[in-house]
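One structure is given below, encoded as C-alpha cells.
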Amino acid sequence: MRNSLADTKKGKSESAKYFQSNPKAKAKKDEYNKEYHSTPERRKYRSELNKENRKAKTYGNKDGKDMSHTKLGKVVKEVFSKNRARNGKGGTPRLK
C-alpha cells in the first residue's frame, strides 16, 4: 500500500515540513535513498518480505497488514503503520 501523501505537500511531520522548504536537502536525501535501497542487502530484505507477504495472501489486497521481522528473526503479520513506525526518531531500529 503506497503512502497517499507521498510526493505531495501535505505532510505534517517536522521532517516533511523541512524537506518542503529545502528542495536541495530533499534532492540530497532522495539521492542517498536511491543508492541505499538499491544495495544487494536492501533488495534481499525487500524480496524476503514481499515473498512472505505473497505467501500470507496479504500482498496488494489493501488489508492494512504487512510482514514484520521480530527480534528472534521470525516474520509475522502486523498492521503496517505499527511496523513502519517502530523505527523511531533518528532511525533507531526496534524489532517487535
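The values are calculated or read from the model by the stated rules, or taken from the named source; none is laboratory data. All figures in this text were calculated on a predicted structure; none of them were measured in a lab. Cβ placement follows ideal geometry from the backbone for every residue including glycine, while neighbour counts extend to all protein chains displayed. Heavy atoms of the whole protein, side chains included, go into the accessibility calculation; ligands, DNA and RNA do not. Shrake-Rupley method; radii C 1.70, N 1.55, O 1.52, S 1.80 Å.
Points worth noting:
- Among residues of region 11-22 being among the charged types (D, E, K, R) and part of a helix (DSSP H, G or I), the one that is surrounded by the most Cβ atoms within 10 Å (Cβ to Cβ) is Lys17.
- Selection from region 61-73 of residues that are in contact (Cβ under 8 Å) with a residue 12 or more places away in the chain and either open to solvent by 70 Å² or more (accessible area, probe 1.4 Å) or of a type outside the set (Val, Ile, Thr) (or both): Lys62, Gly64, Lys65, Asp66, Met67, Ser68, His69, Lys71
- Tally of residues being of a type in the set (Asp, Glu), modelled with pLDDT of 85 or more and part of a strand (DSSP E or B) across region 43-96: 1
- Test result for Ser47, among the hydroxyl-bearing types (Ser, Thr, Tyr) and under 27 Å from Glu78 (Cβ atoms): yes
- When region 23-42 is filtered for residues that are among the polar types (S, T, N, Q) and either within 15 Å of the chain's Cα centre (by Cα) or assigned to a helix (DSSP H, G or I) (or both), the ones remaining, listed by number, are Asn33, Ser38.
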